[in-house]
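Below is one structure; the comments refer to it alone.
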Amino acid sequence: MRVSAERDRCVGSGQCALLSPEVFDQDADGLVTLLSEEPAEELREQVAQAADLCPSRSIRVHN
């Protein structure tokens, strides 16, 4: 699994960082910061949920 995040689309809701803190964080402006582009497979469900709940649809999960 590979993950990408479009910071220019991010609205800073923080759902991703709350749902999968091993993969996502927020910078000082509240925008998404990707901590791991290829997270462990056991994090797939958390990462998928973060992508689904992202209000700006700025997170993509690539298989």
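The values are calculated or read from the model by the stated rules, or taken from the named source; none is laboratory data. No experiment lies behind these values; they were computed from the predicted model shown. Heads up, the Cβs are rebuilt from the backbone with ideal geometry, glycines too, and the neighbour counts pull from every protein chain shown. Heads up: the accessible areas ignore ligands, DNA and RNA and are worked out on the full protein's heavy atoms, side chains in. Shrake-Rupley method; radii C 1.70, N 1.55, O 1.52, S 1.80 Å.
Brief remarks on what is shown
- Here the label points at residue 4 and residue 40, each 7 Å from Cα along the C-beta direction, are separated by 2.6 nm in the simple model.
- Residue-averaged [θ]222 nm for the chain, counting only DSSP H segments that reach four residues, each worth -39500 (n - 2.57): -6000 deg cm²/dmol
- With all protein chains in place and a 1.4 Å probe, the accessible surface of the chain carries 45 percent carbon and sulfur.
- Paramagnetic label zone (point 7 Å from Cα along Cα-to-C-beta, residue 48; backbone N under 16 Å) in segment 1-32: 1-4, 20
- At 1.002 mPa s and 20 °C, Stokes diffusion of the chain via Kirkwood alpha-carbon radius, µm² per second: 193
- Charge dipole (debye, nearest 20) of the chain; +1 at Cβ of Lys and Arg, -1 at Cβ of Asp and Glu: 260
- Acute angle (nearest 10 degrees) that the helix 44-53 long axis makes with the longest principal axis of the chain, alpha-carbon atoms: 30
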